[in-house]
Amino acid sequence: MVEEDYKFEGWMGLDPSSAKGKMVWQEYEPKVWEENDIDIKVTHCGICGSDLHTLRSGWGPTKYPCVVGHEIVGIVVRAGSKAEGINVGDRVGVGAQNDSCLGRKGDCEECASGQENLCPKFNVGTYNGIYMNGSKSYGGYARYHRCPSHFAFKIPDEIDSADAAPMMCGGVTTYSPLKRNGCGPGKTVGIVGVGGLGHFGILWAKALGADKVVGISRKAAKKEEALQVGANEYIATDDDKDWVKKNAGSLDLIVCTVSSPNMPLNDYLQLLRSNGRFIQVGAPEGPLPVLNVFPLIMKNIFFGGSAIGSPTEIREMLQLAADKKVKPWIMKVPMEDANKAIVDLDAGKARFRYTLCS
């Protein structure tokens with residue numbers, strides 16, 4: 001049944017102070033409707049670290065006013081005549097990307113090859129972006145979300161909506177680099193940071209069949225949580241002075257979810273075997289530590305980065321979650337408590353992801 005007479009309202013960040021729990025509930029004008037669009041009644045929205053960075057203009061000036069939230073799950077209440085396989089009544093998710101050029105700005109190698117997340121010509125975030133028609137993108141801390149149907153994904157019946165929400169960004173941000181860099185049988189994988197992103201990394205590495213998964217964090221206090229999530233071993237870099245010596249040359253792949261300028265980056269590289277791969281997904285507001293290139297040269301190590309995931313990867317991830325019964329650690333929070341939740345996230349209280357529930 002098609003809903004009518006609904007309003008677009010959400011938690012609006014008006015200036016950098018909004019990151020301190022000062023968002024304001026307001027009505028706003030969504031994207032100007034186009035026939036490839038859908039409207040989603042938001043039932044759940046994960047809280048991502050990106051939301052905090054954006055609210056406080058940490059990655060650059062934010063286009064205030066801004067409604068954040070790019071881990072959206074809900075029910076389609078309107079679908080345009082050109083919507084791509086999405087119908088009214090479908091349960092769908094939307095991640096961090098809302099649009100790419102899709103060939104509308106001439107030939108695009110990335111979009112044509114299914115790597116829309118890497119589109120260099122036109123890339124619109126789910127919030128704080130501008131569409132081709134000049135409209136502004138608003139996220140999921142809201143009652144409704146409007147977006148191009150190409151960037152909405154049906155949620156398998158086996159996955160609960162509250163669990164699916166954080167998969168849409170936090171999940172695929174770790175799934176994608178693991179899958180693309182050979183995580184699977186015969187591999188030993190390290191995940192740096194056991195938190196909102198890192199615990200997903202452990203879950204996916206196990207689901208993809210890695211022989212061994214090692215959680216890496218500063219303090220031993222997270223060891224039991226890492227093992228409960230599925231890690232086989234744990235390294236506490238602050239609490240074990242011999243951690244580098246004990247674990248040197250033991251890993252095939254490291255995915256790093258932290259972004260501290262003080263992280264022991266060059267020590268992490270020593271954990272890799274020859275031809276190992278180090279993939280950075282944590283996005284800092286400032287620089288990373290100075291990198292010593294000799295470990296890269298002498299051991300033929302690849303150092304790279306990864307951002308979100310493509311539509312194809314999101315669909316693959318959701319199916320893997322359904323098939324392997326992957327269940328993230330989440331804490332459900334009423335949508336009306338979004339201000340408190342972002343403050344608590346900034347204080348490190350989440351275990352390991354917050355999901356706002358309408």
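The values are calculated or read from the model by the stated rules, or taken from the named source; none is laboratory data. Please read these numbers as outputs of a predicted model, since none were measured by experiment. Don't worry about glycine lacking a Cβ; one is built from the backbone with ideal geometry, like all the others, and counts go over all protein chains shown. All accessible areas refer to the heavy atoms of the entire protein, side chains included, with ligands and DNA or RNA removed. Shrake-Rupley method; radii C 1.70, N 1.55, O 1.52, S 1.80 Å.
Some points to look at:
- Within a straight-line Cα-Cα reach of under 27 Å, LYS63 can be paired with the following lysines, leaving aside sequence neighbours fewer than 8 residues apart in one chain: LYS7, LYS20, LYS22, LYS31, LYS41, LYS105, LYS121, LYS136, LYS340.
- Among MET132, MET168, MET331, residue whose mean-square fluctuation peaks in a GNM of the chain (springs only between Cα atoms under 10 Å): MET132
- Volume per residue of the C-alpha convex hull in the stretch 41-82, rounded to whole Å³: 107 Å³
- Charge dipole of the stretch 1-121 (Cα centre as origin; +1 on each Lys and Arg Cβ, -1 on each Asp and Glu Cβ, all else neutral): 460 debye, rounded to the nearest 20.
- Label point distance in nm, TYR6-SER161, each placed 7 Å from Cα along Cα→Cβ: 1.0 nm
- Largest GNM mean-square fluctuation among ASP15, ASP99, ASP107, using the chain with Cα springs under 10 Å: ASP107.
- Summarising the amide proton neighbourhood of VAL213: residues at separation of 5 or more, or on other chains, whose placed amide H is nearer than 5 Å comprise VAL189, ASN232, GLU233.
- Ranking TRP243, TRP59 from most to least accessible surface, computed with a 1.4 Å probe over the protein chains only, gives TRP59, TRP243.
- Take the Cα radius of gyration of the chain and divide it by 2.2 N^0.38 Å, N being the number of residues; the result is 0.98.
- Using only side-chain charges placed at the Cβ, +1 for Lys and Arg and -1 for Asp and Glu, the dipole size of the stretch 105-163 relative to its Cα centre rounds to 500 debye.
- Net charge over other residues, Cβ less than 13 angstrom from the Cβ of ILE314 (K, R count +1; D, E count -1): -1
- Rounded FRET efficiency, nearest 0.05, which uses the C-beta distance separating SER260 from ALA307 and R0 of 22 Å: 0.70
- Pairwise FRET efficiency - ARG104 versus LYS241, Cβ, R0 = 56 Å, nearest 0.05: 0.50
- Taking 0.36 nm per residue of separation and subtracting the current Cα-Cα distance, fully stretching the chain between LYS22 and LYS41 would add 4.4 nm.
- For the chain, the longest principal axis of the alpha carbon atoms and the long axis of helix 311-324 meet at an angle near 70°.
- Net charge dipole size for the stretch 136-280 [Lys, Arg +1 and Asp, Glu -1 on Cβ; Debye, nearest 20]: 480 debye
- Derived scalar couplings ³J(HN,Hα) [the stretch 278-283; Karplus, 6.51 cos²θ - 1.76 cosθ + 1.60; whole Hz; x for Gly, Pro]: 10, 10, 8, 10, x, 10
- Cysteines, the chain, no other Cys beta-carbon under 4.7 Å: CYS45, CYS48, CYS66, CYS101, CYS119, CYS147, CYS169, CYS183, CYS256, CYS357
- Taking a point 7 Å from the Cα of GLU233 along the Cα-to-Cβ direction, the residues of the stretch 201-225 with backbone N closer than 12 Å to it are 212-216.
- Electrostatic bookkeeping for LYS20 treats Lys and Arg as +1 and Asp and Glu as -1; over the other residues with beta carbon under 9 Å from its beta carbon, the sum is +1.
- The chain, relative contact order [Cα under 8 Å, separation at least 6], %: 18 percent
- Max mean-square fluctuation residue, GNM over the chain, Cα-Cα springs under 10 Å, options GLY230, GLY74, GLY140: GLY230
- Around VAL213: net Lys/Arg minus Asp/Glu count, Cβ-Cβ under 12 Å: 0
- Karplus 3J(HN,Hα) series, Hz, for the stretch 168-175 with 6.51 cos²θ - 1.76 cosθ + 1.60 (x for Gly, Pro): 5, 10, x, x, 6, 4, 9, 4
- When you work out D = kT/(6 pi eta Rh) for the stretch 100-164 at 20 °C and 1.002 mPa s, using the Kirkwood radius from C-alpha pairs as Rh and the Stokes-Einstein form, the result is 158 µm²/s.
- Annotation for the stretch 222-259: trypsin sites (Lys or Arg not before Pro) lying in DSSP loop with at most 15 further Cβ atoms inside 10 Å of their Cβ are LYS241.
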